[in-house]
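The next block holds one structure in the form of structure tokens; read it before the comments.
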Amino acid sequence: MSRVHGPWFALPVGLFLAAFFAAPIVIVAWYSLMPPRTFELSGALTTANYRAAFGEGYERPLMWSALGAALTTLVCALLAWPTATILHRSAGRWAGVVTALIALPIFISESVRLFGMSLFLMPGGGILAGTLNALFEVRVGSILNSRLGALVGLVYIHFPFMLFPLLLGVAMVPADRIEAARDLGAGRLAVFREVELPLAAPGLSIGCLLTFVLALGANAEAAILGGRAVTVITAAIEQRFNYAQDWPMGAALTVLVIAVTAAVVFPVLARVPLDRIIRR
Amino acid sequence: MHAHPARPVALALAGLTRRFGALAAVDGVTLDIAEGEFVTIVGPSGSGKSTLVRLLAGLEAPSAGRLLLRGRDITGLPANRRPTAMVFQSLALFDHRTVGQNIEFALKMKGVAPKPRRDRALELLRLVRLPEDYYGRPVTQCSGGERQRVAMARALASDPEILFLDEPLSAIDYRLRKTLEVELKELHQRTGKTFVYITHSLEEAMVMSDRIAVMRAGRFVQVGSPEEIYRRPVNRFVAAFMGEVNILAVEGGVLSGLGLAVPDAAGPFAVLRPEALRLDGGALGVEAEVAQTLLLGSRVQYHLRAGGQALIAEVPAGGRALLGPGDRARFGFDAADIAWVAE
């Protein structure tokens, strides 16, 4: 009798992943190879959808999504690093309160938060513009319905996904290593480059991955705060599936997004010692 | 508290103080450390010795007092701009780097080119007696003793004017520690650098130091050569800190516990080292009963009772049969063996 239970214990998770992760990807990938505007999985295989994806201007929304995701990741990282460092080193008993305040909004629907942000940014009588006008008689424009508006929304929604992994990362930098580097002549920048960044890299990498992947697939930020200023790839995919009733085309675009995601995720994950983070 | 008169002062501590709220962890410490001297600051945990070395390295700013390096005031200079280096208690090696990268760190910070950096690192590997092929090895693959040596080499790399060592041997097992103590002493002689060593272990301090400063509650209680500290402790704290010792109260020229009159009693307490009590000779003597016999190797330690007084005696183990519990014998000593202390 075999004493190895591992495969049996893994069975429920294996079935779950097969049904809800692998199967949809296979179906979508198969659909992307069907003739345009068909609803069957039995047609002749064709690459027409992929050729159309690059011939009919879909590279623009894909580019906007990738650019938006990259910028969101960068801005979130720049904001989250000092936040995480301060929370970890000097916030003391306030760290918990601040962390909770940052985490709480995650429990509120993303659309609700974005509509709230929309009210806040509304031109003229919006909360920000109205308040500045009433109290200080300062008139400001609005970034609502612009690409910047969409980016602000993306950063606003995804900041916690960068912050929390980064908090773990910053906690992996022992204080004595920083002191040793200083003692050996390292200035602030050198300490950051030589000690803090490499030691916190696992947390930062995970944060960047989460933020990038989520922002790449984001739709609501561009729709609610970006208005018509920008079409992201998810909006294009939704439009193909729903209004255009062109499932193979939508499937082909989906596969392209998955490919971009995989091209970013796998190289990074291969270099991150996940075990070390989890054991901490 | 003056340094070796023939040598110039390397580091001068003038009324150095560090307060944390109402508590003064370091309370007005003054000391001149001579060029090339090996000074050990020894004290129990909480005595402020770690805070003191952090002040010296610039990792902590003093609340009051001044620090002069070869006459130059460095009180306000941050750690990265002080020409001193420190070996940390945790060693604080950069585990994400190789042995070579660790050793070269300070040189890299100074902007030294890779080639001379590497040459210097290899030179230091030889100095701390590590094979040169350790250069490219991750520090995580080094043993405890090897990590110790890498930390020493890293601190010495930029040719610091003074080396601070904050209990670097405390996490190492006894036998290796004994070896490294001797190596550290040799390294001090080979480099000729000024070493300031922090430890809670008197044994370590005795083996290595030119001078010992005994610290208690943020102040230096006594500063002197190991022999001075051992033979002429200034008070009962220093005497007891230096190891197992007999401390006897004196009343009217009589060691009160033993009922033994001593000539020229010079203090309210008499400190008598265990090795001063011997089985033959001695102008003074006590009849004692052995309570316990501990063979320490070359020496044997007797826990004695004489009247109501407990005593510890340590004599050479060879030459005669050991006394057992219940045996009685005369343990003799001379008045000159006694160190008199006031408190």
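The values are calculated or read from the model by the stated rules, or taken from the named source; none is laboratory data. All values derive from a computational prediction rather than experimental measurement. Backbone-built Cβ (ideal geometry, glycine too); neighbour counts: all protein chains shown. These accessible areas exclude ligands, DNA and RNA; they are computed on the full protein's heavy atoms, side chains included. Shrake-Rupley method; radii C 1.70, N 1.55, O 1.52, S 1.80 Å.
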- request: Confirm whether B:PHE195 is buried (at least 22 other Cβ atoms within 10 Å of the Cβ), within 14 Å of chain A (Cβ to nearest Cβ), touching a residue at least 12 places away in the same chain (Cβ under 8 Å) and under 25 Å from B:ALA57 (Cα atoms).
  value: no
statement: If we take region A:179-231, then helices (runs of 4 or more DSSP H) inside it with 1 or more residues that are more than 8 Å from chain B (Cβ to nearest Cβ) and among the hydroxyl-bearing types (Ser, Thr, Tyr) are A:197-216
- prompt: Failed condition for B:VAL139, given (1) open to solvent by less than 50 Å² (accessible area, probe 1.4 Å); (2) out of contact with any strand residue (DSSP E or B) (no Cβ under 6 Å at 6 or more places or on another chain); (3) away from chain A (no Cβ under 14 Å), with all others met?
  reply: (3)
query: For B:GLU132, which of the numbered conditions (1) in contact with a Phe, Trp or Tyr (Cβ under 6 Å, 6 or more places away or on another chain); (2) surrounded by fewer than 19 Cβ atoms within 10 Å (Cβ to Cβ) fails to hold?
result: (1)
task: Residue by residue through region B:4-16, note down the ones that are in contact with a strand residue (DSSP E or B) (Cβ under 6 Å, 6 or more places away or on another chain) and touching a residue at least 60 places away in the same chain (Cβ under 8 Å).
output: B:HIS4, B:VAL9, B:ALA10, B:LEU11
statement: Per the list (1) small (Gly, Ala, Ser); (2) at pLDDT 90 or above; (3) within 22 Å of B:ILE312 (Cα to Cα), residue check on B:GLY282 breaks on (2)
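Select, from A:GLY96, A:GLY141, A:GLY130, the only residue that is over 19 Å from A:ALA69 (Cβ atoms), away from every other protein chain (no Cβ under 14 Å), assigned to a helix (DSSP H, G or I) and open to solvent by 30 Å² or more (accessible area, probe 1.4 Å).
A:GLY96
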- prompt: Looking at (1) facing chain A (nearest Cβ under 9 Å); (2) over 21 Å from B:THR140 (Cα atoms); (3) in contact with a strand residue (DSSP E or B) (Cβ under 7 Å, 6 or more places away or on another chain), which is the only condition B:GLN89 fails?
  reply: (2)
task: Could you list, in sequence order, all residues of region A:212-263 that are open to solvent by 10 Å² or more (accessible area, probe 1.4 Å), β-branched (Val, Ile, Thr) and in contact (Cβ under 8 Å) with a residue 40 or more places away in the chain?
output: A:VAL213, A:ILE224, A:VAL230, A:THR231, A:VAL232, A:THR234, A:THR254, A:VAL255, A:VAL257, A:ILE258, A:VAL260, A:THR261
- line: Taking region A:176-195 and keeping only residues that are open to solvent by 20 Å² or more (accessible area, probe 1.4 Å) and either touching a residue at least 12 places away in the same chain (Cβ under 8 Å) or within 23 Å of the chain's Cα centre (by Cα) (or both), one is left with A:ARG177, A:ILE178
- request: Would you be able to tell me the number of residues in region A:196-211 that are over 19 Å from the mean Cα position of the chain (by Cα), surrounded by fewer than 24 Cβ atoms within 10 Å (Cβ to Cβ) and of a type in the set (A, V, I, L, M)?
  value: 2
task: For B:PHE269, indicate whether it is touching a strand residue (DSSP E or B) at 6+ places or on another chain (Cβ under 9 Å) and not assigned by TED's automatic domain parsing to the domain that holds B:ARG330.
output: no
message: Filter region B:163-192 down to the residues that are over 23 Å from A:GLU179 (Cβ atoms), open to solvent by 20 Å² or more (accessible area, probe 1.4 Å) and under 13 Å from the mean Cα position of the chain (by Cα) and list them by number.
response: B:LYS185
task: Among residues belonging to region B:61-82 that are within 9 Å of another protein chain (Cβ to nearest Cβ) and open to solvent by less than 70 Å² (accessible area, probe 1.4 Å), point out the one that is farthest from B:GLY218 (Cα to Cα).
output: B:ASN80
- request: Please determine, by comparing only the residues of region A:166-175 that are part of a helix (DSSP H, G or I) and buried (at least 18 other Cβ atoms within 10 Å of the Cβ), which one is farthest from the other protein chains (Cβ to nearest Cβ).
  value: A:LEU167
